[in-house]
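The values are calculated or read from the model by the stated rules, or taken from the named source; none is laboratory data. The model shown is predicted, which means the values in this text are computed figures rather than measured ones. Quick reminder, even Gly has a Cβ in these numbers, built from the backbone with ideal geometry, and neighbours come from all protein chains shown. Areas reflect the complete protein model, heavy atoms only, side chains present, ligands, DNA and RNA absent. Shrake-Rupley method; radii C 1.70, N 1.55, O 1.52, S 1.80 Å.
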Amino acid sequence: MPTTEAASQSPPQQIPYVEYLVLDDPPYLRANECTDCAARYFDRRNACAACFGTDFDQVRVADRGVVTSFSIVTVGPEPFVSAVVDCDGTAVRCTLVDVEPSPDHVSLGMEVELRTYSMGTDAGGTEAIGYGFAPATEPKD
């Protein structure tokens, strides 16, 4: 029986663009939390910058938050919004997606939720997945 190219290919693989993006259903961000003082970091740490503790747990970060700071960046052909989002006490630096980069559409205190998107696929079929925050579709409970 002849095989077709489609039948012989494995399903496309997705990989997160950053180590702390977990591609579960639904996707979420994961932080390293100091077991002594609960400070959170997205990068690997040998010691906590707040208390010098050396033990960390990996914790899930809330997938909704509010914009606490933003800047509309106009470098290159497409402007975008760089922001800091407070996700229940964890500050997440990100890009706002699915929103017009204009002060008429972005504001401090606006509710946002985590979104993932494709950053492209390589020649081997592996797709890189990035994250951003988009305006919340429903108000927070």
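Assuming Phe80 fulfils every condition listed in (1) surrounded by 17 or more Cβ atoms within 10 Å (Cβ to Cβ); (2) farther than 21 Å from Thr116 by Cβ apart from one, which condition is it?
(2)
Right, Gly65: closer than 23 Å to Arg40 by Cα, touching a residue at least 24 places away in the same chain (Cβ under 8 Å) and either open to solvent by 80 Å² or more (accessible area, probe 1.4 Å) or out of contact with any helix residue (DSSP H, G or I) (no Cβ under 6 Å at 6 or more places or on another chain) (or both) or not?
yes
Do you know which of the residues in segment 96-126 that are of a type in the set (Ser, Thr, Tyr) and not in a strand (DSSP E or B) is surrounded by the most Cβ atoms within 10 Å (Cβ to Cβ)?
Quick first cut of segment 96-126, residues of a type in the set (Ser, Thr, Tyr) only: 102, 107, 116-118, 121, 126.
Those still in the list that are not in a strand (DSSP E or B) too: 102, 107, 126.
Details: Ser102: 10, Ser107: 9, Thr126: 12.
Within segment 96-126, the match that is surrounded by the most Cβ atoms within 10 Å (Cβ to Cβ) is Thr126.
Which of the residues belonging to segment 33-54 are open to solvent by 70 Å² or more (accessible area, probe 1.4 Å), within 17 Å of Cys94 (Cα to Cα) and at pLDDT 95 or above?
Of everything in segment 33-54, just one residue is open to solvent by 70 Å² or more (accessible area, probe 1.4 Å), within 17 Å of Cys94 (Cα to Cα) and at pLDDT 95 or above, namely Arg40.
Anything in segment 12-32 that is part of a strand (DSSP E or B) and open to solvent by 40 Å² or more (accessible area, probe 1.4 Å)? List them, or say none.
Gln14, Ile15, Pro16, Arg30
Go through segment 33-52 and give me each residue that's assigned to a strand (DSSP E or B) and touching an Asp or Glu at 6+ places or on another chain (Cβ under 7 Å). Steps first, answer last, please.
Restricting attention to segment 33-52, the residues satisfying the condition of being assigned to a strand (DSSP E or B) are 33-34, 40-41.
Passing the criteria: Glu33, Arg40.
Scan segment 55-62 and give yes if some residue there is at pLDDT 95 or above, in contact with a Gly (Cβ under 9 Å, 6 or more places away or on another chain) and buried (at least 16 other Cβ atoms within 10 Å of the Cβ), otherwise no.
Looking through segment 55-62, at least one residue is at pLDDT 95 or above, in contact with a Gly (Cβ under 9 Å, 6 or more places away or on another chain) and buried (at least 16 other Cβ atoms within 10 Å of the Cβ).
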